[in-house]
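Colleague: Below you will find the structure I want to go over with you.
The values are calculated or read from the model by the stated rules, or taken from the named source; none is laboratory data. Every value quoted in this text rests on a predicted model; they were computed, and no experiment measured them. Cβ: placed from backbone, ideal geometry, glycine included. Neighbour counts: every protein chain shown. For accessibility, only protein heavy atoms count, side chains too; no ligands or nucleic acids. Shrake-Rupley method; radii C 1.70, N 1.55, O 1.52, S 1.80 Å.
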Amino acid sequence: MQRLANFIGGAFVPPASGSYLEDVGPATGEVIAEIPDSDARDVDAAVAAARAAFPVWSRTPTEQRSRLLLRLADLIEQNLEELVQMESRDNGKSVSLARRLDIPRAVLNFRFFATAILHQASEAHVTDATALNYTLRQPLGVAGLISPWNLPLYLLSWKIAPAIASGNTCVAKPSELTPLTANRLAELSLEAGIPAGVINIVHGLGGKAGAALTKHPNVPLISFTGGTVTGASVAANAAPLFKKLSLELGGKNPNLIFADADLDDAVATSLRSSFWNQGEICLCGSRIFVERSAYDAFLERFIAATKQLRIGDPSEETTDIGALVSEAHMQKVLGYIELAKEEGGTVATGGNRVDRPGFFVEPTIITGLGCDRRVLQEEIFGPVVTVTPFDSEDEAIAFANSTRYGLSATVWTRDLQRAHRVAAALDSGTIWINTWLLRDLRVPFGGMKESGVGREGGMHSLEFFTEAKNVCVKL
Ligand code: NAP
């Protein structure tokens, strides 16, 4: 069985504790690897290695940093199929989704930021005839990067790429549930020639290794993606040290379908926005609201399409729905389905664990629940969606905004003015009109309300990972 090590200062090293955690394959329930149970000592060593590498890396010419990141992107692409299989085995997602979404996006993340830094500009302001002010952007030092298990390499690379492209070095803590592709990335970074200590990866538990990273005095910047409750703990640890902080947190995203929408497209896309990656995407539209006059037609077609989804072995090409990431997460999702029934909801389709080894739950549609029910208020993060009718545009907006979250929203309508009006009224960091998960890496990405603080994406990431100084020169 594969036993992983931490990646510190360009070498693979065992954890200081000598202890290991089991990495369980969600499709079988069997242990597929062992990973370091790291603690503050390992984080200390990784931060020290990152600090040592910072002076040279931050002064490495931009063009050279860019070339190294492009080489890493090429290597990920060349090893795409291996990474696809690995991600699927570790996370439970179907190979077809990993091939379509996860790994290509990791390639794109490195390419995007490798080239973005070549075009970064700075501002200058002439203050009458007396002074010239210019903005000097510089990397901060060691970036602490913490990522979740749902899109493991995609989200890890979304942080590592802008952090190191900007001249920082980093210590990353991937989710303990999905460590395999992060480990492979470490190997590929060596092959790409990225200098030792620029990328460091510490595996282990969030409450131990992750918390040690967020509290570390020599890590001035934390980029965290994960749940809202964990985000609060990260913020509390970072606050006394006034760290620069980006929090990409949970969502309970509304999917608003007006009666004038293209129903074929709305059904087909809602199928993806509900059940892709078993619903384990922060941007999934887990609360569907349909204008009453189209409600029955939508529901009937949506249920029929959901029943066609193929659940099964994620390594098979034809599988649509794989396994949930862990037994604990599956139990949480099943608990919410029970809660939906207790709250008076109707399970229109699905609702059960699939009778096979591993952690499989049927794609589930629940009807008959109001917006104040817990099932419509709390993030389930599984293949469970609610469908609720609305009677007016104002009601649709009120329903959409009725949670503490504000990550993304989808609006289906052919009325152009309504599309803009509703988008402006929604409490969401991203609003998709007649589409879902269409991403341009230049746009600001992040959540409102309890879905996060800060914006990443494009120049927003490059700004986050640098400090802007004002230099004022008297003329
Ligand atoms: P999570 O439990 O919050 O964990 C996220 C990461 O934080 C993991 O690496 C975790 O390590 C670590 N962690 C846990 N406790 C920590 C602590 N006290 N200090 C520092 N780090 C700690 O989230 P998850 O269950 O992995 O991911 C699902 C959540 O992420 C959902 O809420 C989803 O909406 C959100 N998400 C948001 C976005 C976005 O862009 N807004 C994108 C994807 C996912 P362990 O795994 O070892 O616990």
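Colleague: Go through (1) surrounded by 18 or more Cβ atoms within 10 Å (Cβ to Cβ); (2) more than 9 Å from the ligand (Cβ to nearest atom); (3) on the phi > 0 side of the Ramachandran plot for ILE194 and report which single condition fails.
Modeller: Result: ILE194 fails condition (3) only.
Colleague: Looking only at segment 38-89, filter to residues that are open to solvent by 20 Å² or more (accessible area, probe 1.4 Å), closer than 30 Å to ALA211 by Cβ and not aliphatic (A, V, I, L, M); which one of those is nearest to the chain's Cα centre (by Cα)?
Modeller: ARG89
Colleague: Of the numbered conditions (1) in contact with a Lys or Arg (Cβ under 8 Å, 6 or more places away or on another chain); (2) closer than 26 Å to ARG100 by Cα; (3) assigned to a loop (DSSP other than H, G, I, E, B), ASP427 satisfies every one except a single condition; which is it?
Modeller: (2)
Colleague: Please go through segment 169-185 and give me each residue that is farther than 17 Å from PRO104 by Cα, buried (at least 24 other Cβ atoms within 10 Å of the Cβ) and hydrophobic (A, V, I, L, M, F, W, C), ordered by number.
Modeller: Within segment 169-185, CYS170, VAL171, ALA172 qualify.
Colleague: Among strands (runs of 3 or more DSSP E) lying entirely in segment 178-284, which contain 3 or more residues that are hydrophobic (A, V, I, L, M, F, W, C)? Explain how you work it out, then say what you get.
Modeller: Values: elements: 199-201, 221-225, 244-248, 254-257.
Per the criteria, 221-225.
Colleague: Sort out which residues of segment 323-343 are more than 16 Å from the ligand (Cβ to nearest atom) and out of contact with any Leu (no Cβ under 7 Å at 6 or more places or on another chain), and write them in order of number. Show your work before the answer.
Modeller: Restricting attention to segment 323-343, the residues satisfying the condition of being more than 16 Å from the ligand (Cβ to nearest atom) are 334, 337-343.
Selection gives LEU334, ILE337, GLU338, LEU339, LYS341, GLU342.
Colleague: Return the residues of segment 220-260 that are over 29 Å from ASN168 (Cα atoms) and surrounded by fewer than 22 Cβ atoms within 10 Å (Cβ to Cβ); say none if nothing qualifies.
Modeller: Answer for segment 220-260, where residues must be over 29 Å from ASN168 (Cα atoms) and surrounded by fewer than 22 Cβ atoms within 10 Å (Cβ to Cβ): ALA259, ASP260.
Colleague: Quick one: is ARG374 surrounded by 15 or more Cβ atoms within 10 Å (Cβ to Cβ) and free of Cβ contacts under 8 Å to residues at least 40 places away in the same chain? Steps first, answer last, please.
Modeller: Details: surrounded by 15 or more Cβ atoms within 10 Å (Cβ to Cβ): no; free of Cβ contacts under 8 Å to residues at least 40 places away in the same chain: yes.
The answer is no for ARG374.
Colleague: Next question, about the same structure. When you check SER175 against the structure, is it in the same structural domain as ALA11 (by TED's automatic domain parsing), of a type in the set (Ser, Thr, Tyr) and near the ligand (Cβ under 7 Å from one of its atoms), yes or no?
Modeller: Numbers: in the same structural domain as ALA11 (by TED's automatic domain parsing): yes; of a type in the set (Ser, Thr, Tyr): yes; near the ligand (Cβ under 7 Å from one of its atoms): yes.
It is true that SER175 is in the same structural domain as ALA11 (by TED's automatic domain parsing), of a type in the set (Ser, Thr, Tyr) and near the ligand (Cβ under 7 Å from one of its atoms).
Colleague: Between a first residue in segment 180-204 that is modelled with pLDDT under 95 and a second residue that is buried (at least 22 other Cβ atoms within 10 Å of the Cβ) and of a type in the set (Val, Ile, Thr), which pairs have beta carbons less than 6 Å apart while being 6 or more apart in sequence or on different chains?
Modeller: That search, which allows pairs on different chains as well, returns nothing.
Colleague: In segment 227-242, which residues are in contact (Cβ under 8 Å) with a residue 40 or more places away in the chain and touching a helix residue (DSSP H, G or I) at 6+ places or on another chain (Cβ under 8 Å)?
Modeller: Going through segment 227-242, the residues in contact (Cβ under 8 Å) with a residue 40 or more places away in the chain turn out to be 227-228, 231, 234-235.
Across segment 227-242, the qualifying residue is only VAL234.
Colleague: If you take the residues of segment 126-148 that are open to solvent by 40 Å² or more (accessible area, probe 1.4 Å) and over 23 Å from LYS244 (Cα atoms), which of them is farthest from the ligand (Cβ to nearest atom)? So that I can check it myself, show each step before the final result.
Modeller: Step one: of segment 126-148, the residues open to solvent by 40 Å² or more (accessible area, probe 1.4 Å) are 126-130, 132, 134, 136-138, 140.
Next, from what is left, pick out any that are over 23 Å from LYS244 (Cα atoms): 126-130, 132.
Values: VAL126: 39, THR127: 39, ASP128: 44, ALA129: 47, THR130: 45, LEU132: 39 Å.
Across segment 126-148, the extreme among qualifying residues is ALA129.
Colleague: Exactly one condition in (1) in the same structural domain as ARG310 (by TED's automatic domain parsing); (2) open to solvent by 40 Å² or more (accessible area, probe 1.4 Å); (3) of a type in the set (D, E, K, R) is not met by LYS469; state its number.
Modeller: So the condition that LYS469 fails would be (1).
Colleague: Please specify each residue of segment 339-350 satisfying the condition of being surrounded by fewer than 12 Cβ atoms within 10 Å (Cβ to Cβ) and part of a helix (DSSP H, G or I). Before the answer, list the steps.
Modeller: Taking segment 339-350 first, the residues surrounded by fewer than 12 Cβ atoms within 10 Å (Cβ to Cβ) are 342, 344.
Matches in segment 339-350: GLU342 only.
Colleague: Within segment 291-327, how many residues are in a loop (DSSP other than H, G, I, E, B), open to solvent by 30 Å² or more (accessible area, probe 1.4 Å) and not acidic (Asp, Glu)? Even if it seems obvious, please write down each step before you answer.
Modeller: Filtering segment 291-327 for residues in a loop (DSSP other than H, G, I, E, B) gives 308-310, 312-320, 322-326.
Applying the additional criterion that residues be open to solvent by 30 Å² or more (accessible area, probe 1.4 Å) yields 308-310, 313, 315-318, 320.
Still in the running and not acidic (Asp, Glu): 308-310, 315, 318.
Final tally of qualifying residues: 5.
Colleague: A further question follows. For segment 93-125, which positions are crowded, with 20+ Cβ neighbours inside 10 Å and among the polar types (S, T, N, Q)?
Modeller: SER94, ASN109
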